[in-house]
Amino acid sequence: MTVIHKPVLLKESIAGLNLKDGSRAVDATLGGGGHSSEILKIIGKKGKLIAIDQDVVAIENFRKEFPNAERVVLVNDNFANIKNILAELKVDLVDAILADLGYSSMQLEDEQIGMSFLKDAPLDMRLNRDGELTAKQIVNEYSQGEIARIIKKYGEDRFARYIAKKIADYRKTKQIETTTELVEIINSAIPEKFKHGKLHPATKTFQALRIEVNHELEVLERFIPQAIEALAPGGRLVIIAFHSLEDRIVKSVFREYAKGCICPKEFPICQCENLPKVKTINKKPIIPTAEEMEENPRARSAKLRICEKL
């Protein structure tokens with residue numbers, strides 16, 4: 001396999017992990033394997049990489065690339081289960097954990113699951129092919145109000161109500177089957193003067209559906225505390241987020257684990273004796289350079305945050 005996915009903020013994320021020869025690392029979101037490939041170069045023969053992905057295709061592709069790598073353990077699971085995954089592998093603590101919350105090029109271009117509005121594909125959007133909920137079910141079975149809520153909450157789209165109404169009207173005559181159908185419905189709901197901005201009119205609705213189908217925000221909220229607990233002292237957690245909802249969660253949890261005392265503000269002296277568990281390495285998120293954004297438009301919304309275990 002040739003890795004066709006170009007990881008966003010590759011240089012910055014690998015540097016942020018602070019890897020050394022012999023490090024034990026986790027790539028919590030294997031995807032196209034770009035980050036894992038770089039990690040393996042640094043940790044050497046004495047190191048160990050645990051690569052996790054709920055997409056079995058990603059696992060199979062990486063296994064073809066590194067068929068005899070004894071230092072790689074591939075796990076087909078959701079990264080929200082990192083605590084159990086490490087326990088089953090009898091791994092106590094690790095030195096570095098990376099989570100790239102974006103989708104790989106292969107996932108976006110997979111015509112079987114319909115992640116992208118640029119490809120005509122079935123409305124599926126499941127990263128875990130065994131998952132029960134699909135995007136098709138959402139647009140055809142959820143109430144108009146529920147669809148509007150999802151698009152507003154997860155897509156932060158000002159036209160959520162109009163899009164939801166167009167979806168509800170369309171499905172009265174036939175089921176919505178494909179990404180192309182859905183794009184046409186969304187386009188019909190957006191006023192003409194708003195169709196020619198930087199973002200495609202369908203971007204936010206597709207984002208919202210992917211989040212709902214894969215429970216992405218809940219998964220992230222479960223993952224971060226487990227990841228912090230799994231780090232050895234001095235170990236680094238690096239997370240790359242691609243929209244404000246994800247980045248907000250990362251920033252909030254990092255801040256919570258870095259502040260220590262949780263006593264009410266009116267307490268003159270700390271009673272909880274709660275100590276900080278991490279320190280944040282970068283107060284402001286690291287973003288791609290102008291050159292990277294020009295070369296890879298998918299990088300434009302990426303934000304990287306790093307914390308270190310105390």
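The values are calculated or read from the model by the stated rules, or taken from the named source; none is laboratory data. Everything numeric here is computed off the predicted structure, so don't read it as measured data. Positions of Cβ are backbone-derived with ideal geometry, glycine not excepted, and every protein chain shown enters the neighbour counts.
Annotations for the structure displayed:
- Every residue from the range 284-310 that is assigned to a loop (DSSP other than H, G, I, E, B) and within 29 Å of Asp95 (Cα to Cα): Lys284, Pro285, Ile287, Pro288, Thr289, Ala302, Leu310
- Of all residues in the range 281-310, those satisfying the criterion of being β-branched (Val, Ile, Thr), surrounded by fewer than 18 Cβ atoms within 10 Å (Cβ to Cβ) and touching a strand residue (DSSP E or B) at 6+ places or on another chain (Cβ under 9 Å) are Ile281, Ile287.
- Some residue of the range 175-186 being over 16 Å from Gly114 (Cα atoms) and among the hydroxyl-bearing types (Ser, Thr, Tyr): no
- Whenever a residue of the range 289-307 is modelled with pLDDT of 95 or more, its partners that are aromatic (Phe, Trp, Tyr) and not in a strand (DSSP E or B), lying with C-beta atoms within less than 9 angstrom and at least six residues away or across chains, give the pairs Ala302/Phe242; Lys303/Phe242; Arg305/Phe254; Ile306/Phe254; Cys307/Phe254; Cys307/Tyr257.
- As a summary of the residue check, Leu123 satisfies the conditions (1) within 26 Å of Cys307 (Cα to Cα); (2) modelled with pLDDT of 95 or more except for the one numbered (1).
- Of the residues making up the range 253-280, just one is surrounded by 13 or more Cβ atoms within 10 Å (Cβ to Cβ) and more than 26 Å from Arg236 (Cα to Cα), namely Cys263.
- Unique residue being on the phi > 0 side of the Ramachandran plot and among the polar types (S, T, N, Q) when the list is Asn18, Asn68, Asn81, Asn61: Asn18
- Members of the range 235-252 found to be surrounded by 22 or more Cβ atoms within 10 Å (Cβ to Cβ) and part of a helix (DSSP H, G or I), listed by number: Val250
- Among (1) at pLDDT below 95; (2) over 26 Å from Leu133 (Cα atoms); (3) not β-branched (Val, Ile, Thr), the one test that Leu231 misses: (1)
- For the range 282-302, the criterion of being within 24 Å of Met106 (Cα to Cα) and basic (Lys, Arg) is met by at least one residue.
- Leading residue by the ranking (nearest to Ile176 (Cα to Cα)) among those in the range 132-158 that are touching a residue at least 60 places away in the same chain (Cβ under 8 Å) and of a type in the set (Ser, Thr, Tyr): Thr134
- Test: residue in the range 223-240 that is touching a residue at least 40 places away in the same chain (Cβ under 8 Å), farther than 29 Å from Asp95 by Cβ and not acidic (Asp, Glu): no
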